[in-house]
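Comments concern the structure below.
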Amino acid sequence: MDVARSDEQPESQIDIYTIIGPLLRVRFVIGLFMIVGLLVGVLLLHILPYSYQSIMLVTQAESESKNGFSGLLGDQAASLIGLTGGKGSQSPNFQLYIDGLKARVVADEVAQDQPLMRRLFSKEWDVENGAWHPPERGVLGMTTTFVKDMLGVPTVPWTAPNGARVAEFIDHQVSIEQDPTDPVAHISVITENPQLGRDLLRALDHAADDYLKRTFLARSTEYIQYLDKQLATVTGAELRQSLIDQMSDQQKIKMMASANASFAAQTFGRPYTLDVPASPKAGSVLAGMAVFGFLIAAAFGYSRLSVAARLENALRRPFGVSPADG
């Protein structure tokens with residue numbers, strides 16, 4: 001039994017050495033490649049553009065919490081806008097605002113701001129000619145198009161920046177963090193230009209809130225006109241009182257929607273930008289390039305061992321020596 005154990009131990013040691021041995025033989029190469037990888041990482045940190053995260057805090061508009069009429073037209077407005085409202089303890093109007101930040105109708109509103117669009121898609125705007133142009137694809141872009149064509153993957157033709165392009169940008173770059181128990185929602189966007197990020201968040205806030213305000217104002221105006229006609233024909237006391245109560249509610253909604261103030265949500269201070277870049281992360285880039293250098297050096301070590309083994313076998317065959325005899 002003891003002999004069997006002693007025989008197993010060398011086999012285990014040999015297996016470990018078989019794995020680590022090639023790396024130990026090229027340890028200096030591994031160190032060199034890792035240093036080169038770190039230097040390449042430092043170079044990338046100087047070349048790659050930095051992106052920053054801008055954040056806007058929004059909460060339920062003060063007018064809603066005071067007047068308690070936020071749910072009167074929540075379902076009607078949701079069906080009109082094509083959104084889903086009413087999550088947790090938040091008011092339907094505030095939830096419509098949160099969902100509307102990524103809605104196409106809001107993106108169309110933002111797209112009307114041409115100065116902002118020229119900054120948002122600056123690489124596609126020709127300042128001298130005052131016109132939009134397709135972005136330069138470069139080698140990577142042409143390679144990607146070629147591969148897609150070979151695979152039969154449809155390519156979307158370029159179009160000048162519009163609401164659809166803004167909606168796509170918002171869907172990829174804008175994040176919304178909302179806890180149903182927290183009255184404050186965090187809206188953030190990542191851009192290379194911090195000022196552009198803050199301006200875009202303000203534009204989204206105004207577009208979403210103004211759209212809801214106009215929607216509720218139009219609906220309340222229609223309801224008031226309808227109720228006014230009904231009051232002119234109804235004679236029953238109870239029914240008339242019911243119509244008068246509904247008229248009062250709609251007048252409150254119309255009053256709030258007509259005011260020059262936030263309707264569904266209000267910002268909790270101004271949008272701000274974090275000082276630390278969101279990307280690239282220095283630690284991640286340096287660590288990634290160091291690991292990449294290690295992998296290349298390790299592959300070199302194992303391939304070197306394989307080539308040496310094949311060369312040794314080739315040299316032994318002419319003399320009639322088999323690999324097993326060696």
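The values are calculated or read from the model by the stated rules, or taken from the named source; none is laboratory data. Remember, predicted model here, so these are calculated numbers, not experimental data. Glycine also receives a Cβ, built like all others from the backbone with ideal geometry; neighbour counts cover every protein chain displayed. Just the protein is used for accessible areas: all its heavy atoms, side chains included, with ligands, DNA and RNA removed. Shrake-Rupley method; radii C 1.70, N 1.55, O 1.52, S 1.80 Å.
In the set (1) among the β-branched types (Val, Ile, Thr); (2) within 26 Å of SER279 (Cα to Cα); (3) in a helix (DSSP H, G or I), the condition left unmet by THR215 is number (2). Taking the range 142-166 as the range and being open to solvent by 90 Å² or more (accessible area, probe 1.4 Å) and among the charged types (D, E, K, R) as the test, only ASP149 passes. In the set THR181, THR145, THR155, THR191, only one residue is at pLDDT below 95, of a type in the set (Ser, Thr, Tyr) and within 16 Å of ILE55 (Cβ to Cβ); that residue is THR191. Per the listing SER258, SER284, the residue uniquely open to solvent by 50 Å² or more (accessible area, probe 1.4 Å) and in contact (Cβ under 8 Å) with a residue 24 or more places away in the chain is SER258. Among residues of the range 219-244 that are small (Gly, Ala, Ser), those with a beta-carbon under 8 Å from a residue that is modelled with pLDDT under 85 and part of a loop (DSSP other than H, G, I, E, B) at least six positions away or on a different chain give the pairs SER220/LEU73.
Of all residues in the range 167-215, those satisfying the criterion of being acidic (Asp, Glu) and surrounded by 16 or more Cβ atoms within 10 Å (Cβ to Cβ) are ASP199, ASP205, ASP209.
Return yes or no: is LEU23 at pLDDT below 90, within 26 Å of the chain's Cα centre (by Cα) and part of a helix (DSSP H, G or I)? Here the answer is no, as LEU23 does not meet what is asked. The set of residues in the range 118-177 being of a type in the set (Gly, Ala, Ser) and either under 19 Å from VAL106 (Cα atoms) or touching a residue at least 60 places away in the same chain (Cβ under 8 Å) (or both) consists of ALA160, GLY163, ALA164, ALA167, SER175.
Only residues that are under 20 Å from TRP132 (Cβ atoms), part of a loop (DSSP other than H, G, I, E, B) and touching a Lys or Arg at 6+ places or on another chain (Cβ under 9 Å) were counted in the range 148-177, giving 3.
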